[in-house]
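Enquirer: Have a look at this one.
The values are calculated or read from the model by the stated rules, or taken from the named source; none is laboratory data. Since we're looking at a predicted model, the values are computed, not measured. Cβ placement follows ideal geometry from the backbone for every residue including glycine, while neighbour counts extend to all protein chains displayed. Ligands, DNA and RNA are excluded from the accessible area calculation, which covers all protein heavy atoms including side chains. Shrake-Rupley method; radii C 1.70, N 1.55, O 1.52, S 1.80 Å.
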Amino acid sequence: MSQELTAGAQEDSDAMSYYRKEACKVVTFRIVYDREPGSNGYDVVTFAPEMAHQVFGESESIFGYKQIAITIDMLHNSCRCFLSVMFSGAIQRLYSKPDDVKKALNPWLPANYTNDPSEFERLVDSEDHEKMFGEVISSYSVPSARFSQQNVQSKIIITKTDTSSAELRDFHARFETYIVWFIDAANFIDLEDDRWLIFYAYEEFQHPISKKTYKTPIAYCSVYKFFSFPSNVRARISQFFVLPSHQRRGIGTALYRTVVETLKDMKEVVDFTVEEPTSAFQRIRDLEDSLIVHQALQEKRVNYLKVEASAVLELGKGKKIGKKQMQRVYDILGLYYADRTGPACSEKILSSIRNRVTQQNMRELRPGKRFCRLDGSATPVQTTKKDEIENDLKRYCDDIQSSADHLKEKMPTRSKRKR
């Protein structure tokens, strides 16, 4: 009898597992450009989400359906949305109900999205393919990733805007819904707050068959202008996102570089920082900020290895790089320059970094203080102090060594883009 019960329980468990799907494997995003020439379909670019816990919970799973497929179509320029949820069957058990997929998705999709294919067709046909927001502050040309065989060139156009326009606010509220699927703990910004600056990167190209021109927002960076006494601004980069379909093409680097150059040119800005950067963004930031300081050292003919640390840190301050990031840049450049000198110098620099970080962490562990990691996040009170210090030190040293190696790779081949 017990064997029968065990077998039955296993069978029941297998059946339940059959109805549970990983959300990231059944959700597909499609950027819809237009109707496909010569067919009834659409000209699209597709990609999958990287995470779904904010939408479907920590398990990132959807329960209760057979062969479920969720497609989120976004018009390439306006980001107007069509949602399709299809499945071959749903669980039919008294105490097991299928998840309400649309209810889970509703807070995270653009407002006024449609489920009606005919309505979406009308939206496709009426799409303005060349709409852009903001003033153009930078542009450059690159080979088109989609039409490389036809030798099509794309122009990457970077713009800057505030949030005073109602049309812009409506558009951005749609565009920023992407980030929930790609940035952990993502939040939408308050577009009614007039202290926001938004930078967009658009891709402009001419379709090789239809000859239509398309301008598509492919990345953005939101910057908040905090007040700094008496009448200045401390700028903080809040969101930084590049569509997965356009990553690994240098667009994020170009966008960050343009944002930084713009902030440096704003007289009221005293410095700029970043709110909880992802590892990918931190890598871009480390490279670009290190190059800025490296170039300044070259121009002033300053030998990093022979000058006081305070002089280099002060130079970074002049470039409006935030204090914490400038310390990272100082360490990255130290490893980079030491590597060119020899192993003994590298070990000396690394030892100096280890000693400084350890002393800094020990100061943070004084009675009554909670230990704060170098990324700014607080640790649980019960964490073993010694282990936490060692782990944090290792993470930091590995991190800056990786950035120093990246700097070494990019230094000889880096080319300046024309503004």
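Enquirer: Given the options 373, 395, 414, name the one that is closer than 30 Å to residue 291 by Cβ, surrounded by 11 or more Cβ atoms within 10 Å (Cβ to Cβ), at pLDDT 90 or above and out of contact with any strand residue (DSSP E or B) (no Cβ under 7 Å at 6 or more places or on another chain).
Expert: Just one listed residue meets the conditions, 395.
Enquirer: Identify all residues within region 35-69 that are at negative phi and of a type in the set (D, E, K, R); write none if there are none. Reasoning before the result, please.
Expert: Quick first cut of region 35-69, residues at negative phi only: 35-37, 39-56, 58-59, 61-63, 65-66, 68-69.
Answer for region 35-69, where residues must be at negative phi and of a type in the set (D, E, K, R): 35, 36, 43, 50, 58, 66.
One line per residue, one yes/no per condition, for (1) in contact with a Lys or Arg (Cβ under 9 Å, 6 or more places away or on another chain); (2) of a type in the set (Ser, Thr, Tyr):
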residue	(1), (2)
95	no, yes
101	no, no
106	no, no
113	yes, yes
118	no, yes
124	yes, no
131	yes, no
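Enquirer: Given 189, 179, which one is open to solvent by 10 Å² or more (accessible area, probe 1.4 Å), in contact with a strand residue (DSSP E or B) (Cβ under 8 Å, 6 or more places away or on another chain), of a type in the set (Val, Ile, Thr) and modelled with pLDDT of 95 or more?
Expert: Details: 179 fails: open to solvent by 10 Å² or more (accessible area, probe 1.4 Å).
Residue meeting the stated conditions: 189.
Enquirer: Can you tell me which of 58, 127 is free of Cβ contacts under 8 Å to residues at least 24 places away in the same chain and of a type in the set (Asp, Glu)?
Expert: Numbers: 127 fails: free of Cβ contacts under 8 Å to residues at least 24 places away in the same chain.
Going through 58, 127 in turn, just one is free of Cβ contacts under 8 Å to residues at least 24 places away in the same chain and of a type in the set (Asp, Glu): 58.
Enquirer: Restricted to region 123-146, and to residues that are among the small types (Gly, Ala, Ser) and outside any strand (DSSP E or B), which residue is least open to solvent (accessible area, probe 1.4 Å)? Full working, then the answer.
Expert: Keep residues of region 123-146 that are among the small types (Gly, Ala, Ser), which gives 126, 134, 138-139, 141, 144-145.
Those still in the list that are outside any strand (DSSP E or B) too: 126, 134, 144-145.
Values: 126: 84, 134: 42, 144: 5, 145: 63 Å².
It comes out as 144.
Enquirer: Next question, about the same structure. Could you tell me which of the residues 146, 174, 169, 122 is of a type in the set (D, E, K, R) and in contact with a Cys (Cβ under 9 Å, 6 or more places away or on another chain)? Spell out the reasoning first.
Expert: Values: 146 fails: in contact with a Cys (Cβ under 9 Å, 6 or more places away or on another chain); 169 fails: in contact with a Cys (Cβ under 9 Å, 6 or more places away or on another chain); 122 fails: in contact with a Cys (Cβ under 9 Å, 6 or more places away or on another chain).
Only one candidate passes the filter, namely 174.
One line per residue, one yes/no per condition, for (1) open to solvent by less than 30 Å² (accessible area, probe 1.4 Å); (2) β-branched (Val, Ile, Thr); (3) more than 18 Å from residue 406 (Cα to Cα); (4) at pLDDT 90 or above:
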{"residue": "314", "(1), (2), (3), (4)": "no, no, yes, yes"}
{"residue": "321", "(1), (2), (3), (4)": "yes, yes, yes, yes"}
{"residue": "326", "(1), (2), (3), (4)": "yes, no, no, yes"}
{"residue": "336", "(1), (2), (3), (4)": "yes, no, no, yes"}
{"residue": "351", "(1), (2), (3), (4)": "no, no, yes, yes"}
{"residue": "354", "(1), (2), (3), (4)": "no, no, yes, yes"}
{"residue": "358", "(1), (2), (3), (4)": "no, yes, yes, no"}
{"residue": "361", "(1), (2), (3), (4)": "yes, no, yes, no"}
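Enquirer: Of the residues in region 76-107, how many are of a type in the set (S, T, N, Q), part of a loop (DSSP other than H, G, I, E, B) and closer than 23 Å to residue 127 by Cβ? So that I can check it myself, show each step before the final result.
Expert: Kept after step one, since they are of a type in the set (S, T, N, Q), are these residues of region 76-107: 77-78, 84, 88, 92, 96, 106.
Next cut, part of a loop (DSSP other than H, G, I, E, B) only: 77-78, 88, 92.
After this cut, where a residue has to be closer than 23 Å to residue 127 by Cβ as well, the list is 77-78.
Matching residues across region 76-107 total 2.
Enquirer: Still on this structure, please answer the following. Give 251, 198 a once-over and let me know the one that is surrounded by 18 or more Cβ atoms within 10 Å (Cβ to Cβ), under 30 Å from residue 26 (Cα atoms), hydrophobic (A, V, I, L, M, F, W, C) and out of contact with any Lys or Arg (no Cβ under 7 Å at 6 or more places or on another chain).
Expert: Working: 198 fails: under 30 Å from residue 26 (Cα atoms).
Result: 251 is the single residue among 251, 198 that is surrounded by 18 or more Cβ atoms within 10 Å (Cβ to Cβ), under 30 Å from residue 26 (Cα atoms), hydrophobic (A, V, I, L, M, F, W, C) and out of contact with any Lys or Arg (no Cβ under 7 Å at 6 or more places or on another chain).
Enquirer: Follow-up question, since we're still on this one. With the structure loaded, tell me whether residue 209 is closer than 30 Å to residue 150 by Cβ, hydrophobic (A, V, I, L, M, F, W, C) and open to solvent by 60 Å² or more (accessible area, probe 1.4 Å) or whether it fails that test. Walk me through it before giving the result.
Expert: Numbers: closer than 30 Å to residue 150 by Cβ: yes; hydrophobic (A, V, I, L, M, F, W, C): yes; open to solvent by 60 Å² or more (accessible area, probe 1.4 Å): yes.
Criteria met by residue 209.
Enquirer: A further question follows. Working only within region 147-201, note down all residues that are among the aromatic types (Phe, Trp, Tyr) and assigned to a loop (DSSP other than H, G, I, E, B). Walk me through how you get there before you give the answer.
Expert: Of the residues in region 147-201, the ones among the aromatic types (Phe, Trp, Tyr) are 147, 171, 175, 178, 181-182, 188, 196, 199-200.
Once the filter is applied, which keeps residues that are among the aromatic types (Phe, Trp, Tyr) and assigned to a loop (DSSP other than H, G, I, E, B), region 147-201 yields 147, 182, 188.
Enquirer: Which residues, taken from region 58-75, are open to solvent by 10 Å² or more (accessible area, probe 1.4 Å) and part of a strand (DSSP E or B)?
Expert: 61, 63, 65, 66, 69, 71
Enquirer: Also, quick follow-up: Could you tell me which residue of region 94-111 is modelled with the lowest pLDDT, considering only residues that are aliphatic (A, V, I, L, M) and open to solvent by 50 Å² or more (accessible area, probe 1.4 Å)? Give the derivation first.
Expert: Pass one, region 94-111, residues aliphatic (A, V, I, L, M): 94, 101, 104-105, 109, 111.
Add one more test, that the residue is open to solvent by 50 Å² or more (accessible area, probe 1.4 Å), and what stays is 94, 111.
Working: 94: 67, 111: 95.
Among those that are aliphatic (A, V, I, L, M) and open to solvent by 50 Å² or more (accessible area, probe 1.4 Å), it is 94.
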